[in-house]
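First up is the structure itself, then whatever we jot down about it.
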Amino acid sequence: MSYLRCALPMLSSSKGRTPVYVCVCRAVTENEVHDCIAAGAKSARQIRDATGAGGDCASCVRKICAILKRSENLMPTA
């Protein structure tokens, strides 16, 4: 599954901005979640499997679901 490739170490954030953490327990940023979605992840479980986000206290799962929903709404329809 290609979405597993997104579990790479965090690169420096774009334009020198401070990364926004979605999951503090696992230090997963919004950019990493977006990278997983771009690589094909379609659920919070797939993002958890790739990054670990949501695997500890799970307080970030709502944020991850919101990012997923937003990305679905931005996808062009065929």
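The values are calculated or read from the model by the stated rules, or taken from the named source; none is laboratory data. As the structure is a computational prediction, the values presented were derived from the model and not from experiment. Here Cβ is always computed from backbone atoms with ideal geometry, including for glycine, and neighbour counts include all displayed protein chains. Just the protein is used for accessible areas: all its heavy atoms, side chains included, with ligands, DNA and RNA removed. Shrake-Rupley method; radii C 1.70, N 1.55, O 1.52, S 1.80 Å.
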Next item on the list: Report the local net charge at Ala27: Lys and Arg +1, Asp and Glu -1, summed over other residues whose C-beta lies under 15 Å from its C-beta.
Entry: -1
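At 1.4 Å probe radius, can you tell me the per residue accessible area of the range 15-78 in Å²? Can you show the working numbers first?
Values: 4260 Å² over 64 residues.
Per residue, the range 15-78 has 67 Å² of solvent-accessible surface.
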Next item on the list: Evaluate the distance, in nm, between pseudo-label points positioned 7 Å from the Cα of Arg70 and of Lys42 along their respective Cα→Cβ axes.
Entry: 2.2
Next item on the list: Pull up all non-local amide H partners of Val22: gap of 5 or more, or a different chain, and H-to-H distance under 5 Å with H placed in the peptide plane.
Entry: Val28, Thr29, Glu30
Next item on the list: List, in order, the whole-Hz ³J(HN,Hα) value for each residue of the range 63-74 obtained from phi through the Karplus relation with A = 6.51, B = -1.76, C = 1.60 and θ = phi - 60°; use x for Gly and Pro.
Entry: 5, 4, 4, 5, 5, 4, 4, 4, 5, 5, 5, 8
